[in-house]
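The values are calculated or read from the model by the stated rules, or taken from the named source; none is laboratory data. If you're wondering where the values come from, they're calculated on a predicted model, not measured in any experiment. As a convention, Cβ positions derive from the backbone with ideal geometry for all residues, glycine included, and neighbour counts pool all protein chains shown. Accessible surface is based on the protein model in full, side chains and every heavy atom, while ligands, DNA and RNA are left aside. Shrake-Rupley method; radii C 1.70, N 1.55, O 1.52, S 1.80 Å.
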Amino acid sequence: MPLNPTIAAVTQRIIDRSASARGAYLERIGRAAEAGPVRAHLSCSNQAHAYAPMGEDQAALAGGTAPNIGIVTAYNDMLSAHQPFERFPDLIREAARAKGATAQVAGGVPAMCDGVTQGQPGMELSLFSRDVIALAAGVSLSHNCFDSSIYLGVCDKIVPGLIIAAATFGHIPAVFLPAGPMTSGLPNDEKAKVRQKFATGEVGREELMKAEMASYHGPGTCTFYGTANTNQMLMEFMGLHLPGASFVNPNTPLRDALTVAGTERALEITAAGNDYRPAGLVLDEKAFVNGIVGLMATGGSTNLVLHLPAMARAAGVILDLQDFSDISETVPLMAKVYPNGLADVNHFHAAGGLQYLIRQLLSEGLLHDDTLTVSGEGLGSYTEEPKLVDGKLHWQPAAEESQNDRILRPATDPFQKTGGLKELKGSLGRGVMKVSAVAPERHVIEAKARVFHDQHDVKKAFQAGEFTEDTVVVVRFQGPKANGMPELHSLTPPLAVLQDRGLKVALVTDGRMSGASGKVPAAIHVTPEAAMGGPIARVQDGDLVRVDAAAGTLDILAEGWEARTPASPDLTANKFGIGRELFEAFRQTVGTSDEGAAVVV
């Protein structure tokens with residue numbers, strides 16, 4: 001099937017826009033590759049320090065001829081998704097030894113859980129943790145002892161941060177090894193109902209805690225289709241996972257076999273062999289377009305609209321919100337996974353998952369099939385799924401038909417003809433809305449504004465019964481410069497309750513919502529942000545605001561609003577406590593949200 005003309009046009013636009021930055025980037029990683037095996041340039045003293053703790057691997061390392069893998073791990077046991085990584089370094093080292101090679105944990109990176117910090121001051125460090133992860137991974141690889149790299153990370157900011165590092169060290173091959181989702185627990189829609197009942201006082205904390213623990217109950221990613229699982233989809237669509245690796249549950253024989261196979265592949269694609277696949281060549285313009293296509297086809301997390309531009313910039317690729325919007329208008333929504341539907345990612349995987357999606361999108365010319373991946377040439381191998389047959393790993397053609405059309409539909413008969421994201425532009429600035437979970441009758445909201453500078457004040461107003469008419473809730477000074485751009489996911493239950501009561505409700509914010517942002521229309525990432533004096537800083541209570549996802553507009557309809565002095569609240573409370581004082585330099589230098597809200601790229 002010929003490539004869809006819109007996908008081709010958007011790709012060419014990105015290539016043209018990126019020509020200078022990408023050319024300079026490729027020249028840099030080319031020079032690094034030409035320098036040859038990195039350890040050959042280290043002194044004997046340098047090498048002795050690097051090999052001292054390696055026990056039985058010392059001789060192989062000192063010999064300098066066998067490949068050495070650098071492992072960058074985000075392991076901790078605060079994150080269910082990352083707890084399984086505790087076992088991975090031993091599996092990787094054993095697999096490398098079996099091939100006459102070596103592997104070392106080059107370093108660890110921090111990994112915070114947004115589920116723990118939702119609505120808390122720590123969430124103001126969340127987005128900036130992506131840049132810290134990139135920096136920490138860069139420090140890990142700066143020892144310059146590695147012929148290949150393996151990245152162990154899954155969740156929200158972790159994978160984007162690791163990608164920024166992998167692109168920066170783009171002359172080194174990179175394989176990403178996921179841990180997989182936890183097994184299914186209490187269905188997400190039932191958990192959401194309990195949350196709404198708690199918000200209205202119908203149930204107490206004991207029942208809420210019981211529901212939450214029944215949903216988040218074991219190792220692995222949370223099972224809804226939020227940012228963590230969207231990250232895993234991206235890694236397959238962009239060719240950095242082994243085919244079918246994303247949604248295999250942790251601590252199973254198949255997951256262990258994929259970890260071993262990923263190690264073996266990392267050894268096969270070094271510069272010392274004849275199948276060199278440096279990360280910088282995998283991460284090209286077409287790979288990022290494929291990732292955006294996957295984002296739209298699955299209705300993935302809005303957080304990736306922030307992360308993908310930052311990830312791409314590290315590889316010399318310049319993305320714009322218009323690219324996302326144009327691809328969304330072209331790519332059908334083929335999956336319904338919570339919060340877009342009732343299924344979780346385990347149900348999605350069983351219905352055919354990413355392999356079915358990739359096969360369908362390729363057949364309709366909606367993906368580039370001439371990309372370089374860690375697995376091979378193009379995405380053909382990503383239509384196959386891994387199986388253990390007599391204890392050995394094999395890839396077999398995945399089902400050509402959806403196994404459950406309530407979860408997964410063909411590209412020719414999708415849930416929606418367009419993807420899950422809409423760019424909004426107008427007098428209030430520029431933002432995005434995740435429309436895949438929002439009912440069509442709620443795509444246009446025109447109502448009076450209620451303005452807040454703190455998400456907790458919104459909840460207090462809700463509890464006091466102050467929302468009695470159609471309302472556009474404006475929560476500003478939540479952008480990266482103001483307070484690090486925390487997710488405002490805790491606003492979803494009260495706003496959903498208002499919506500269920502029959503009110504027309506929308507959220508407008510320069511902050512973020514999570515990948516589980518739900519069914520309330522939310523214009524998010526509004527830029528210029530209030531802390532930069534953007535139009536959102538001039539909105540007042542009672543102003544008529546129109547949020548129109550159908551037309552792609554975001555406007556203030558009040559007379560004379562342009563002449564107002566922007567609001568300038570006291571933001572000193574955002575600067576101290578729970579580590580926030582350490583990030584003042586980040587708040588001062590961070591870029592705008594439409595360019596990825598990044599510090600290091």
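Can you say whether Ala531 is in a helix (DSSP H, G or I), touching a helix residue (DSSP H, G or I) at 6+ places or on another chain (Cβ under 9 Å), open to solvent by less than 20 Å² (accessible area, probe 1.4 Å) and aliphatic (A, V, I, L, M), as far as the supplied structure shows?
no
Tell me, which residue of segment 277-289 that is in contact with a helix residue (DSSP H, G or I) (Cβ under 7 Å, 6 or more places away or on another chain) and part of a loop (DSSP other than H, G, I, E, B) is surrounded by the most Cβ atoms within 10 Å (Cβ to Cβ)?
Filtering segment 277-289 for residues that are in contact with a helix residue (DSSP H, G or I) (Cβ under 7 Å, 6 or more places away or on another chain) and part of a loop (DSSP other than H, G, I, E, B), the one surrounded by the most Cβ atoms within 10 Å (Cβ to Cβ) comes out as Leu283.
Among the residues that make up segment 425-446, is at least one of them among the basic types (Lys, Arg), open to solvent by less than 60 Å² (accessible area, probe 1.4 Å), closer than 26 Å to Thr230 by Cβ and touching a Phe, Trp or Tyr at 6+ places or on another chain (Cβ under 7 Å)?
So far as segment 425-446 goes, no, none of its residues is among the basic types (Lys, Arg), open to solvent by less than 60 Å² (accessible area, probe 1.4 Å), closer than 26 Å to Thr230 by Cβ and touching a Phe, Trp or Tyr at 6+ places or on another chain (Cβ under 7 Å).
Does Gly122 count as modelled with pLDDT of 90 or more, of a type outside the set (S, T, N, Q) and closer than 22 Å to His171 by Cα?
no
Considering every residue within segment 330-346, establish whether at least one is among the polar types (S, T, N, Q), open to solvent by 10 Å² or more (accessible area, probe 1.4 Å) and more than 19 Å from Asp413 (Cα to Cα).
So far as segment 330-346 goes, yes, one or more of its residues are among the polar types (S, T, N, Q), open to solvent by 10 Å² or more (accessible area, probe 1.4 Å) and more than 19 Å from Asp413 (Cα to Cα).
Can you work out which of the residues in segment 357-366 that are assigned to a helix (DSSP H, G or I) and out of contact with any Ser or Thr (no Cβ under 6 Å at 6 or more places or on another chain) is surrounded by the fewest Cβ atoms within 10 Å (Cβ to Cβ)?
Top of the filtered list is Ser363.
Among the residues of segment 118-129, is any polar (S, T, N, Q), open to solvent by 20 Å² or more (accessible area, probe 1.4 Å) and farther than 25 Å from Asn46 by Cα?
Yes.
Of the residues Ala52, Ala40, Ala32, which single one is open to solvent by less than 60 Å² (accessible area, probe 1.4 Å) and either more than 27 Å from the chain's Cα centre (by Cα) or at pLDDT 85 or above (or both)?
Answer to the check: Ala32.
Kindly evaluate Ala398 against the criterion of being in contact with a helix residue (DSSP H, G or I) (Cβ under 6 Å, 6 or more places away or on another chain) and hydrophobic (A, V, I, L, M, F, W, C).
Taking the combined requirement at face value, the residue satisfies it.
Considering each residue of segment 21-71, count those that are part of a helix (DSSP H, G or I), within 26 Å of Ala167 (Cβ to Cβ) and not β-branched (Val, Ile, Thr), and give that number.
Of the residues in that region, 18 qualify.
Count, please, the residues in segment 162-217 that happen to be outside any loop (DSSP other than H, G, I, E, B), farther than 30 Å from Ala315 by Cα and not acidic (Asp, Glu).
Here the count works out to 18.
Please find, within segment 491-510, the residue that is nearest to Gln455 (Cα to Cα) out of those that are in contact with a Leu (Cβ under 8 Å, 6 or more places away or on another chain) and free of Cβ contacts under 8 Å to residues at least 40 places away in the same chain.
Only one residue fits best here, namely Leu491.
Has segment 175-197 got any residue that is open to solvent by less than 10 Å² (accessible area, probe 1.4 Å), in contact with an Asp or Glu (Cβ under 8 Å, 6 or more places away or on another chain) and without any contact (Cβ under 8 Å) to a residue 40 or more places away in the chain?
Looking for residues that are open to solvent by less than 10 Å² (accessible area, probe 1.4 Å), in contact with an Asp or Glu (Cβ under 8 Å, 6 or more places away or on another chain) and without any contact (Cβ under 8 Å) to a residue 40 or more places away in the chain, one finds at least one in segment 175-197, hence yes.
Could you go through segment 120-140 and let me know if any residue there is part of a helix (DSSP H, G or I), within 22 Å of Arg28 (Cβ to Cβ), more than 20 Å from the chain's Cα centre (by Cα) and in contact (Cβ under 8 Å) with a residue 24 or more places away in the chain.
Looking for residues that are part of a helix (DSSP H, G or I), within 22 Å of Arg28 (Cβ to Cβ), more than 20 Å from the chain's Cα centre (by Cα) and in contact (Cβ under 8 Å) with a residue 24 or more places away in the chain, one finds at least one in segment 120-140, hence yes.
For segment 258-276, enumerate the residues that are closer than 30 Å to Asp16 by Cβ and open to solvent by less than 10 Å² (accessible area, probe 1.4 Å).
Once the filter is applied, which keeps residues that are closer than 30 Å to Asp16 by Cβ and open to solvent by less than 10 Å² (accessible area, probe 1.4 Å), segment 258-276 yields only Ile269.
Which condition does Ala81 not pass, out of (1) more than 25 Å from Ala167 (Cα to Cα); (2) modelled with pLDDT under 95; (3) not in a helix (DSSP H, G or I), if it passes all the others?
It fails just one condition, (1).
Checking the condition among the hydroxyl-bearing types (Ser, Thr, Tyr) and open to solvent by less than 10 Å² (accessible area, probe 1.4 Å), which residue from Thr492, Thr509 passes?
On inspection, the qualifying residue turns out to be Thr509.
If I go through segment 377-403 residue by residue, how many of them are touching a Phe, Trp or Tyr at 6+ places or on another chain (Cβ under 9 Å) and assigned to a loop (DSSP other than H, G, I, E, B)?
Total satisfying the criteria: 7.
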